[in-house]
Amino acid sequence: MELTAQAPTDSAPRTTGTGPLPTDSGSRNLPVGRRDTDGMAVASFVLGLLGLLVLNIVLGPVAIALASVALWRGTARRGRALLGLGLGVADLVVLVALMSLNNSVSWSFAG
């Protein structure tokens, strides 16, 4: 009886202690930088939308910065980045409008 070591075949997924390792097939075969800019575009949209409700002094500028970087790097999700940019600006406009209505440097719904 002869024992030989065999190299693992590529057809079997490699695993770690918690599950299989990620493969490139699920990443849409885009370069890493392009996927990052797509994520930035989506993040700017979500943060800009969330900023209309809470923390618009923080989330508005973050949405504007993420959208600007995503557009500058050439994201595939240009529409989301533009929406994030518009929502970030809208966050700041809402902040200025509510501050002027309350005649203060901050605003709240409580009167």
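Values in this text are rule-based calculations from the coordinates and carry no lab data. The structure presented is a predicted model; accordingly, all values stated were derived computationally and were not measured. FYI the Cβ positions are ideal-geometry reconstructions off the backbone, even for glycines, and counts take in every protein chain you see.
Details
- Estimated D of segment 31-102 in µm² per second, where Rh is the Kirkwood radius over Cα pairs and Stokes-Einstein applies at 4 °C, 1.567 mPa s: 111
- Dipole in debye (nearest 20) - segment 31-102, about Cα centre, beta carbon charges: Lys, Arg +1; Asp, Glu -1: 300
- Taking label positions 7 Å along the Cα-Cβ direction at both L98 and R73, the computed distance is 3.0 nm, reported to one decimal.
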